[in-house]
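Everything on this sheet refers to the single structure shown next.
The values are calculated or read from the model by the stated rules, or taken from the named source; none is laboratory data. All of these numbers come straight from a predicted model, not from anything done at the bench. Here the Cβ positions follow ideal geometry from the backbone for every residue, glycine too, while neighbour counts run over all protein chains shown. When the accessible area is computed, the model is the full protein with side chains, heavy atoms only, and any ligands, DNA or RNA have been set aside. Shrake-Rupley method; radii C 1.70, N 1.55, O 1.52, S 1.80 Å.
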Amino acid sequence: MLRFSFPFVLAFSILQMSGQPSNAQVPTAVAPRIMLNPDIVRRLRSAALVEPDTVRRLALLRQKAEEILNKPLLSYLFEATYHGKPALMLKTSRKMMKRATTLGLAWNLWQDERYARRGRDELLAVAEFENWNPVHFLDTAEMSAAVGIGLDWFAAFLSHAEKDQIVDALIEKGIMPGLKLYEGAETTDGYNWIRPRSRGYNAMSPTEKADHGWPVETFNWNIVCNSGLTIAALAVRPYDPKIADKLLRYSVKSIKNGFDEYTPDGGFPEGADYWSYATRYAAMFLDSVTDVLGEDFGYSKSAGFGVTGDFILHLTGPTGLAFNFADSEPNPNRMALAWLSKRYARPIDAWFDRRASPGSRLALDLIWRVSERGATPSELAIAKAKHFKDIQVATFRSAWSREAAAFVGFKGGDNQGHHAHLDLGTFVLDGFGERWAVDLGPAKYSLPGYFGKQRGAYYRSGTAGQNTLMFQGKNQDPSARAALTAFHHASDLSFSIANLGRAYDVPAASVRRGLALLGNRIVMVQDEIGGDKPQAVQWGMHTRAIVELSEVDPATLLLHQGGRTLGARIVEPKGARFEVLSTFRPPPQQANLGVVKIAVNLDTVTEGTASRILILLEPGAESAPEPIAWVPLAAWATKLKQ
């Protein structure tokens, strides 16, 4: 069926939830409308004459576009299996996003028809796919976004017949599967990571319905899937407004759940990588609906979202590595900061964005980037400590400007959260340009049951692989939560205290952990443990450093890394000693090469008495720190001194 573009006034029954009608018209689909427009093209062309950084990034964009010309077209390829069946084509969807945006921006900037022809060919190739893998709906959502952007950005080059083929594919392979989920159809496979209200252990069930899936969830899938489908609908709307508006009625309402994830202070419970992923797609959604419909329905004013740049700022240590709890690596893409800095006029976001590499979504980075250098945390007098209250994560540092600064990231949180590890009480530590206490990051997603009930069986996601306490060699309770019950920040003392009692098979409130940065140089890790039965306890910390155990005093050690040294001492309990444990795991798990676990093993926590552990860590020291007097956690705010 041949379709022609035409203006269409939006009688905004779609947006009844916003309470305000829109007078926006749907323009003809010739000029780019979705996130890109002639004004942005002119701005980039002008910036290329005066801004060296833009010149470098545009040269890189052209290089990437040329590389795509020499690669084969994308094919219907699955890169992973689940229960022996093809399950994931997410890499293919993401490659399509890179190709559509890279070639699309290059074509609009330089009018080189080689880029337009290849962009058209990529769009027609994926339009011929059997489907976009709706059983793992992220694949469908990201492909829908990529093809929607491609249809919009190449509209002036495409013939009517080519547009018709691409529009049909967007409807058949993107919009219609999305509508089935919105309308409550059962999924055809269990691989949708869906549980009611972002609770549960990501267990999979083949009978889950959409009202228990991403449309009503708050985790990253909600924003990514709603954004991808919204972009597809906006791209299709000049050709088939009826089906587009039907989709938009759902997506514009559903995405509120995803924006709720940032409440109240911008913290994101799924960690740094999924903050990057969700926030990038949130920005794409807001730009797209604003550009095409003339409003964002108030979502840019969602609680916490405007300041969510603070999350990645405070989560990142002076090494440049993030506190990578949950399924995150320590080097998340920060390109969403460019959009945040522009939308909310936040110089700190602009400054932090400019310290990052362009990442893999270069075209969006160029579109969103502002020319201002921003302002540093010191210039803006940003506090050196932060408590994200809803997700129960705290960070503190000795300085913003010095590589030698000490930094601690510490968390309580929720073991049932999406992508969570059994890691309540874990921490990371930077000092003198090195990360001394590391988080191992995610295990392989392809491991059997990793997103089900076997998740805790793997080293990286179980309690053994965290920098926390382990009782009786067992995992923490997978349903446990831990609150940060105290947070304090002053010039020479910052600390936070977590109640870990519900994480273990001990009475509630009988396991408490405090982390303190004392005198801007010494890190204290203090545990107070009580119980009504004897239990073996292990204190653990993972490191990539070379460990030097003392032959004279087994309660001390030195770590060596990058020409720097960290000194450590066990102050309590008396007679305890450091041990070094292997973290090696055979396939199919990661081997964890180069990482060891420093452990302190207490054979028993004596029945009916309180036990205590106090360990001092001092980056930059050439010897173990001197002992300090024990101060109960309850008295830290008034009695803890350097």
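Is one or more of the residues making up segment 75-93 closer than 18 Å to LEU151 by Cα and of a type outside the set (S, T, N, Q)?
No.
Can you tell me how many residues in segment 550-582 are in contact with a Phe, Trp or Tyr (Cβ under 7 Å, 6 or more places away or on another chain), open to solvent by 60 Å² or more (accessible area, probe 1.4 Å) and within 17 Å of GLU626 (Cβ to Cβ)?
Going through segment 550-582 one residue at a time, the tally reaches 0.
Being among the hydroxyl-bearing types (Ser, Thr, Tyr) and open to solvent by 10 Å² or more (accessible area, probe 1.4 Å) is the filter here, so list the residues in segment 457-469 that pass it.
Across segment 457-469, the qualifying residues are TYR458, TYR459.
Would you point out which residue out of PRO554, PRO587, PRO619 is more than 26 Å from PHE495 (Cα to Cα), of a type outside the set (Phe, Trp, Tyr) and under 31 Å from the mean Cα position of the chain (by Cα)?
Going through PRO554, PRO587, PRO619 in turn, the sole match is PRO587.
If I filter segment 309-332 for residues that are within 23 Å of ALA59 (Cβ to Cβ) and either among the β-branched types (Val, Ile, Thr) or free of Cβ contacts under 8 Å to residues at least 40 places away in the same chain (or both), do I get at least one hit?
no
Which fully enclosed helices (runs of 4 or more DSSP H) of segment 227-340 have 2 or more residues being open to solvent by 20 Å² or more (accessible area, probe 1.4 Å)?
241-259, 272-293
Can you pull out the residues in segment 387-434 that are aromatic (Phe, Trp, Tyr) and in contact with a Pro (Cβ under 7 Å, 6 or more places away or on another chain)?
Within segment 387-434, TRP400, PHE407, PHE432 meet the criteria.
For (1) assigned to a helix (DSSP H, G or I); (2) open to solvent by less than 30 Å² (accessible area, probe 1.4 Å); (3) at pLDDT 50 or above, each residue gets a yes or a no:
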residue: ALA156; (1), (2), (3): no, no, yes
residue: GLU162; (1), (2), (3): yes, no, yes
residue: LYS173; (1), (2), (3): yes, yes, yes
residue: PRO177; (1), (2), (3): yes, yes, yes
residue: ASP189; (1), (2), (3): no, yes, no
residue: ILE194; (1), (2), (3): no, yes, no
residue: GLY200; (1), (2), (3): no, yes, no
residue: MET204; (1), (2), (3): no, no, no
residue: GLU208; (1), (2), (3): no, yes, no
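Specify the residue that is surrounded by the most Cβ atoms within 10 Å (Cβ to Cβ); the eligible residues are those in segment 470-510 that are touching a Ser or Thr at 6+ places or on another chain (Cβ under 6 Å) and in a loop (DSSP other than H, G, I, E, B).
Ranking the qualifying residues of segment 470-510, first place goes to GLN476.
Check ARG56, ARG42, ARG94 and return the single one that is among the basic types (Lys, Arg), touching a helix residue (DSSP H, G or I) at 6+ places or on another chain (Cβ under 9 Å), open to solvent by 20 Å² or more (accessible area, probe 1.4 Å) and in a helix (DSSP H, G or I).
ARG94
I'd like the full set of residues that are open to solvent by 40 Å² or more (accessible area, probe 1.4 Å) and over 13 Å from TRP153 (Cβ atoms), limited to segment 112-139.
Residues satisfying the conditions are GLU113, ARG114, ARG117, ASP121, GLU128, GLU130, ASN131, PRO134.
So VAL537 passes all but one of these: (1) open to solvent by 30 Å² or more (accessible area, probe 1.4 Å); (2) modelled with pLDDT under 95; (3) within 21 Å of ASP439 (Cα to Cα). Which condition number does it fail?
Of everything listed in (1) open to solvent by 30 Å² or more (accessible area, probe 1.4 Å); (2) modelled with pLDDT under 95; (3) within 21 Å of ASP439 (Cα to Cα), VAL537 misses just condition (1).
Looking at LYS71, LYS91, which is the one that is of a type in the set (Lys, Arg) and closer than 30 Å to LEU447 by Cα?
LYS91
Take the residues in segment 341-385 that are open to solvent by 30 Å² or more (accessible area, probe 1.4 Å) and part of a helix (DSSP H, G or I); name whichever of them is modelled with the lowest pLDDT.
My answer is ARG354.
Somewhere in segment 367-377, is a residue touching a Ser or Thr at 6+ places or on another chain (Cβ under 7 Å) and touching a residue at least 40 places away in the same chain (Cβ under 8 Å)?
Checked against the condition, which is being touching a Ser or Thr at 6+ places or on another chain (Cβ under 7 Å) and touching a residue at least 40 places away in the same chain (Cβ under 8 Å), segment 367-377 yields no hits at all.
If I filter segment 18-34 for residues that are at pLDDT below 50, buried (at least 16 other Cβ atoms within 10 Å of the Cβ) and assigned to a helix (DSSP H, G or I), do I get at least one hit?
Yes: segment 18-34 contains one or more residues that are at pLDDT below 50, buried (at least 16 other Cβ atoms within 10 Å of the Cβ) and assigned to a helix (DSSP H, G or I).
Would it be correct to say that VAL511 is closer than 21 Å to HIS421 by Cα and touching a strand residue (DSSP E or B) at 6+ places or on another chain (Cβ under 7 Å)?
Yes: the conditions hold for VAL511.
Could you figure out which of (1) surrounded by 23 or more Cβ atoms within 10 Å (Cβ to Cβ); (2) touching a helix residue (DSSP H, G or I) at 6+ places or on another chain (Cβ under 6 Å) isn't true of VAL393?
(2)
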